[in-house]
Amino acid sequence: MNSFDILKIAANALNGKKAKDINAVKVEELTVLCEYFLICTANSSTQIRALTDEVEEKLEQAGLRPHHIEGKASGWIVLDYGSVVIHIFGRGEREFYALDKMWADAEIVDIENILEEAMGD
């Protein structure tokens, strides 16, 4: 499975559980960490956990498990799938850490196209 497929599955999982402000950026030209960051906001700690569980479940159904998970007891959970790193933030944490601004030089991925493609599959 390639990185873009992982991104599509995760983005659709987040969207299905009503994540807010879902953004994807292609960072492979800027860092060796991964190819994509997928960033979203949750409205509560309960939704953070639900989004995390949904992404893990959908990617596990595709045969993938995260290499690492960080922040299970905080307002910012990071799911590391190697080439795709997923950041699930509470609203305050997303504003404070401002990853979107930090990676502003990265190529923005059109999430709407990802969601439409996945629905059409």
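The values are calculated or read from the model by the stated rules, or taken from the named source; none is laboratory data. All values derive from a computational prediction rather than experimental measurement. In this analysis, Cβ positions are derived from the backbone assuming ideal geometry, glycine residues included, and neighbour counts consider all displayed protein chains. The accessibility values were calculated without ligands, DNA or RNA, using every heavy atom of the protein model including side chains. Shrake-Rupley method; radii C 1.70, N 1.55, O 1.52, S 1.80 Å.
Only a single criterion out of (1) within 20 Å of residue 42 (Cβ to Cβ); (2) touching a strand residue (DSSP E or B) at 6+ places or on another chain (Cβ under 7 Å) is not satisfied by residue 73, namely (2).
Exactly one residue out of 64, 79 is buried (at least 18 other Cβ atoms within 10 Å of the Cβ), assigned to a loop (DSSP other than H, G, I, E, B) and modelled with pLDDT of 95 or more: that is 64.
With respect to the conditions (1) open to solvent by 10 Å² or more (accessible area, probe 1.4 Å); (2) within 18 Å of residue 93 (Cβ to Cβ); (3) touching a residue at least 12 places away in the same chain (Cβ under 8 Å), residue 57 lacks only one, and its number is (2).
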